[in-house]
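> What follows is a single structure, and I will ask about it in a moment.
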Amino acid sequence: MQDLQIPERLLLGPGPSNVHERVLHALKQPVIGHLDPVFLSLLDDVQEMLKQLFRTHSGLTLPISGTGSAGMEACLVNLIEPGDTALVAVQGVFGERMVSIVERAGGRSLRVEAEMGKAVPEDRFIEAIRAHQPDLVALVHAETSTGVAQPVREIAHAAREAGALVVLDCVTSLSGMDVSFDSWAIDAAYSGTQKCLSCPPGLSPIALGPRALERIERRAKPVQSWYLDLSLIGRYFGEERVYHHTAPVNMIYALHTALQIVLEEGLEARFARHRSVHQHLVEGLGKLGFQMLVQPAYRLPMLNAVIPPFEDEARVRRSLLTRYGIEVGPGLGKLAGRIWRVGLMGENARMEVVDRFLDALRELV
Ligand SMILES: *Cc1c(COP(=O)(O)O)cnc(C)c1O
């Protein structure tokens, strides 16, 4: 059998995104014990840097061992007990996934749906909160299947007023656009390493506010999932540092470095970079006859849902990959075959990256 030979790709899909050299370098550092003081001090740094990214000063931040979906599942199964009601905003595939997890956890789900390519209207969602008085409200901030940004602040404040916990999916948004955990009144949020953090897939950074921690403490029954039980995981990531499962040591090095890179740039500068590079892409694709699925007010900068001006989208996508080493994402679910999802996440949100993509497209079509 031959040794691995992985081609260089430019990853302009919905994740993973390309990883910074410094992060790759971090990955190949020696493995040390997950209770080694050197490692524990790295964990302290990671947890502190995550607070800065989520913009929170209280509660607990930690990386769940698993991808973004593991963070989704951890937040929902710990905060929902059988019989609880969850009101979920559904604008695409990831909202659907939340509904499915709520129901598997024995919760009752109520959904407020968005029209395709739109956000859930705030007034309609707030009305539903007041009408149903749910125990929990769940929203996807950046719906990667449709490229829609969901306005959060008003909804989250209305939910808090009604006594509901708020869970926010920030898998695609964290470090690419503003996520303000404290000032928006979020109780639990989760992200993923492979989108705007430009780190390999494998960890799901989460933030839990005081109300979420208190809810977990007063559960009547332990969480069905031992692995994702945050009352157990929280003891390793809290003062005690008690063994629960072996932390994926080298992925924590990678996340540590990725977070440092984000904070060296500064959050506001990073958000502005994502916005301006997105604008450059929209203009370039417009000249090539592409249309945007989403209205300007609701467009995500890091995930562009675009409608190709040609029939055989799969063939062009394949040529981009095989001839130019460029990956773009296909449509998901109802949008399969109709759109492309062009990700400009983290390290890939660069003018020269957009130019390379547009040059390749001009040659192909
Ligand atoms: C990618 C993504 C997820 C799932 O993350 P995985 O790392 O694929 O498990 C969840 N929610 C949103 C909005 C995503 O974009």
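> Accessible area per residue of the chain at 1.4 Å probe, in Å²?
43
> Next question. Among the DSSP beta bridges whose two residues both lie in segment 22-154, what percent are antiparallel, rounded to the nearest 5?
Here the antiparallel bridges make up roughly 20 percent for segment 22-154.
> Compute, for the chain, the length of the dipole vector about the Cα centre, with Cβ point charges of +1 (Lys, Arg) and -1 (Asp, Glu) only. Units Debye, rounded to 20.
580
> For segment 21-263, what mean projected area does the convex hull of the alpha carbons give, in nm²?
Mean shadow area of the hull around the Cα atoms is 11.9 nm².
> Here's another thing I want to ask about it. Along segment 2-14, what does the Karplus equation 6.51 cos²θ - 1.76 cosθ + 1.60 (θ = phi - 60°) give for ³J(HN,Hα), rounded to whole Hz, x for Gly and Pro?
Here the 3J(HN,Hα) series is 7, 5, 4, 9, 9, x, 6, 10, 9, 8, 10, x, x Hz.
> Counting only DSSP beta bridges with both residues in the chain, tell me the antiparallel percent, nearest 5.
Percentage antiparallel, nearest 5: 50.
> Could you give each residue of segment 69-80 its phi-based ³J(HN,Hα) in whole Hz, using Karplus coefficients 6.51, -1.76, 1.60 with θ = phi - 60°, and x for Gly or Pro?
Karplus values, whole Hz, x for Gly and Pro: 5, 5, x, 4, 5, 4, 4, 6, 6, 7, 9, 10.
> Which GluC sites (Glu not before Pro) in segment 1-60 sit in a loop by DSSP (not H, G, I, E or B) and have at most 14 other Cβ atoms within 10 Å of their own Cβ?
Those satisfying the criteria are 8.
> Check each of the chymotrypsin sites (Phe, Trp or Tyr not before Pro) in segment 243-303 and keep only those in coil by DSSP with at most 13 other C-beta atoms within 10 angstrom; list them in order.
Here the chymotrypsin sites (Phe, Trp or Tyr not before Pro) that fit, given the DSSP loop and packing criteria, are 243.
> Loop only by DSSP, 13 or fewer other Cβ within 10 Å of the Cβ. Give me the GluC sites (Glu not before Pro) in segment 307-365 that pass, ordered by residue number.
311
> So for the pair residue 263, residue 240, with labels modelled 7 Å out along Cα→Cβ, what separation do we get in nm?
The answer from the label model is 2.7 nm.
> I've got another one for you. If I take all pairs of Cα atoms in segment 210-276, what percentage of them are more than 17 Å from each other?
63
> Any of 51/118; 51/334; 195/221; 51/195 with alpha carbons more than 26 Å apart? Name them for me.
51/118; 51/334; 195/221
> For the charge dipole of segment 266-322, defined by +1 on Lys and Arg C-beta atoms and -1 on Asp and Glu C-beta atoms about the Cα centroid, which residue among 278, 266, 293 has the Cα displaced farthest towards the positive pole?
Of 278, 266, 293, it is 266.
> Once neighbouring chains are kept in place and the probe is 1.4 Å, which whole percent of the accessible area of the chain is contributed by carbon and sulfur?
Ligands and nucleic acids excluded, carbon and sulfur reach 51 percent.
> A further question follows. Which value, in nm² and rounded to one decimal, describes the direction-averaged projected area of the C-alpha convex hull of segment 51-106?
One quarter of the hull surface, i.e. the mean projection, equals 4.8 nm².
> Another question about this same structure. For segment 252-305, what is the Kirkwood hydrodynamic radius in Å, using each pair of distinct C-alpha atoms?
Every distinct Cα pair counted, the radius reaches 12.9 Å.
> Give, as ranges by residue number, the residues of segment 156-183 whose backbone N falls under 17 Å from the point 7 Å along Cα→Cβ of residue 130.
156-164
The values are calculated or read from the model by the stated rules, or taken from the named source; none is laboratory data. Fair warning: this is a prediction, and the values are worked out from it, not measured in the lab. Cβ sites come from the backbone with ideal geometry, for glycine too, and all protein chains shown count toward neighbours. Accessible surface areas use protein heavy atoms only, side chains included; no ligands, DNA or RNA. Shrake-Rupley method; radii C 1.70, N 1.55, O 1.52, S 1.80 Å.
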